[in-house]
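The values are calculated or read from the model by the stated rules, or taken from the named source; none is laboratory data. As the structure is a prediction and not an experimental result, all values here were calculated from the model. All Cβ positions, even for glycine, are placed from backbone atoms using ideal geometry, and neighbour counts span all protein chains on display. The area values use the complete protein model at the heavy-atom level, side chains included, leaving out ligands, DNA and RNA. Shrake-Rupley method; radii C 1.70, N 1.55, O 1.52, S 1.80 Å.
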Amino acid sequence: MTDRVPASGTVHWVGAGLSTGSGLAALCDTAERVRLWHRTGDRAAAALAGLGLTGRVEPRAFTLPALADELAPGDVVVSMLPAPGHAGLLSACVGARAHFACSSYVSPEVLDQVPAAEAAGLVVLTEAGLDPGIDHLFAHSLIGRARTEIGADTPASYRLTSYCGGVPAVPNDFRYRFSWAPLGVLNALRSPARYLEDGAAITAERPWEATRPHVLDGETFEAYPNRDSIPFIDQYGLPGAWTPRTFVRGTLRLDGWLKAWEPVFEELKAGDDERIAALARELAEAYPTTDADRDRVVLSVSLEVETGPDRTWTGGYLLDLVGDAEESAMARCVSRPLALGVRHILDGGVPSGLNRSAETAERSDRWLAELAGEGLDFSLRLGQ
């Protein structure tokens, strides 16, 4: 295997959308040079002014050829582009022997390039934001604690749930504010979800139809599954002696969301791409996010492991954060863990090849301790 390419100390942050927040500023304290690539140089400069980073980060006008011309071996490219843009950036990284990081799920197009990146000694860090990202850290940490207490070879059954949502801090009639592209929100609801419940694999063709109440600290939310949860059983390295009874990763919404969105669901059932795109534009105009609005991010990961009729180990993490005038909760929760991952690429702490967040209980606990030290608040509850 090719030795890992040493990091050069230069970071290229590509995109300055809703999820670019204080993580970019944090990188300025560890990277030797940081560049922000945006649609135009002026827009990059304006974004830096808004973040208070003028003079600390170099603005650049983004095109893929322009970025490729400035890449050097060991540089780190951070993609904040929509998921379809990651593959092109990774290709440029492989060509220039630069490392790559993003907060998105691994796409087939990215996965296809991982062997070439690994052969070149490059890090491909993915799923290192909020969800996916912090949720992985919480899950690995809980599984590691349960494994230590119970033993990986002890027969047991378990229930793992992981729910995350960006919601308005002050509820509105729509029970939602868009914290990412409206079309992406709608298309996610159009994708089937697969999960385990009572030991059986279930597919929800329309995820919202599987919505159910979910109570956290006495507050009732609505939760529904998304994507395919089942592959994460292997990704999280759960012991083979433990039998999954429930395993679901999904989305949290405010109580009343299901009722408020009934007209939207009727449109989604029709499945017309052109109409859905138009609906996304209409919803963005009808429910704009203003400077006065404050968002709220809630992430809950819980694990129950039963080893006998009256013997159950339980643990859970809860993150509940409200944005402020300086930064949205979503931007903080996405950009901070991503920046942390980039810092560990810079210091050699992330191995070459594909990495999804921290991937082990030990590394997850370290990353969580670092995030807590930087002011990202969350709580851990353990019981027997």
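Any chance you could look up the accessible area of SER8 with a 1.4 Å probe, heavy atoms only, rounded to 10 Å²? So the heavy atoms of SER8 present about 40 Å² to solvent.
Count Lys and Arg as plus one, Asp and Glu as minus one, and take only other residues whose Cβ is under 12 Å from that of GLY52; the net charge is then -1. Cα centroid separation, the stretch 111-171 to the stretch 245-262: 20 Å.
Between GLU326 and ALA169, what length in nm is gained on full extension when 0.36 nm per residue of separation is reduced by their alpha carbon distance?
Length gained, GLU326 through ALA169: 55.0 nm.
Average the reciprocal distances over every distinct pair of alpha-carbons in the chain, invert the result, and give the Kirkwood radius in Å. It is 21.7 Å.
Largest to smallest in accessible area, the residues ILE230, ILE134 fall in the order ILE230, ILE134 (1.4 Å probe, all protein chains included). For the stretch 190-254, trypsin sites (Lys or Arg not before Pro) meeting the loop criterion (DSSP other than H, G, I, E, B) and having at most 16 other Cβ atoms within 10 Å: ARG190.
In this structure, the amide hydrogen of GLY250, modeled 1.01 Å from its nitrogen in the peptide plane, lies closer than 5 angstrom to those of SER162, TYR163, CYS164, ASN226, counting only residues at least 5 positions away or on a different chain.
Applying 0.36 nm per residue to the separation of GLU219 and TYR287 and subtracting their alpha-carbon distance, the gain on full extension is 22.1 nm.
With the simple spin-label model, which puts each label point 7 Å out from Cα in the Cβ direction, the ALA61 to ILE230 separation comes to 5.0 nm.
So how do GLU70, GLU282 rank on accessible area, 1.4 Å probe, biggest first, that is with the largest at the start?
GLU282, GLU70
Backbone phi angles across the stretch 60-75, fed through the Karplus curve with coefficients 6.51, -1.76 and 1.60 (θ = phi - 60°), yield HN-Hα couplings of 9, 8, 8, 9, 4, x, 5, 4, 4, 5, 9, 6, 10, x, x, 5 Hz in residue order; Gly and Pro are listed as x.
Applied to the stretch 339-355, the Karplus parametrisation 6.51 cos²θ - 1.76 cosθ + 1.60 on θ = phi - 60° returns per-residue 3J(HN,Hα) values of 5, 4, x, 5, 4, 6, 5, 5, 8, x, x, 10, x, 5, x, 7, 10 Hz, with x for Gly and Pro.
Between GLU370 and ASP198, the simple spin-label model (points 7 angstrom out along Cα→Cβ) gives 4.4 nm. Quick one: work out the % antiparallel among DSSP beta bridges in the chain, nearest 5. Taking every DSSP beta bridge within the chain, about 55 percent pair in antiparallel fashion. Note on the stretch 1-63 and the stretch 214-229: Cα centroid distance 34 Å, given to the nearest whole angstrom.
Measuring with a 1.4 angstrom probe and ignoring ligands and nucleic acids, SER352 comes out at about 30 Å² accessible.
Tally up the carbon and sulfur contribution to the accessible surface of the chain as a whole percent, 1.4 Å probe, everything protein left in place.
50 percent
How big is the gap, in Å, between the Cα center of the stretch 70-88 and the Cα center of the stretch 277-337? About 26 Å separates the Cα centre of the stretch 70-88 from the one of the stretch 277-337.
For the stretch 308-314, the Karplus equation 6.51 cos²θ - 1.76 cosθ + 1.60, evaluated at θ = phi - 60°, returns couplings of x, x, 10, 10, 9, 8, 10 Hz by residue, with Gly and Pro reported as x. Secondary-structure-derived ellipticity at 222 nm for the chain, considering helices only, amounts to -10500 deg cm²/dmol, per-run term -39500 (n - 2.57) for DSSP H runs with n ≥ 4.
Distances between placed amide hydrogens fall under 5 Å for LEU216 paired with PHE221, all partners being 5 or more residues away or on another chain. The residues of the stretch 274-384 present an accessible area of 47 Å² per residue when probed at 1.4 Å with all protein chains retained.
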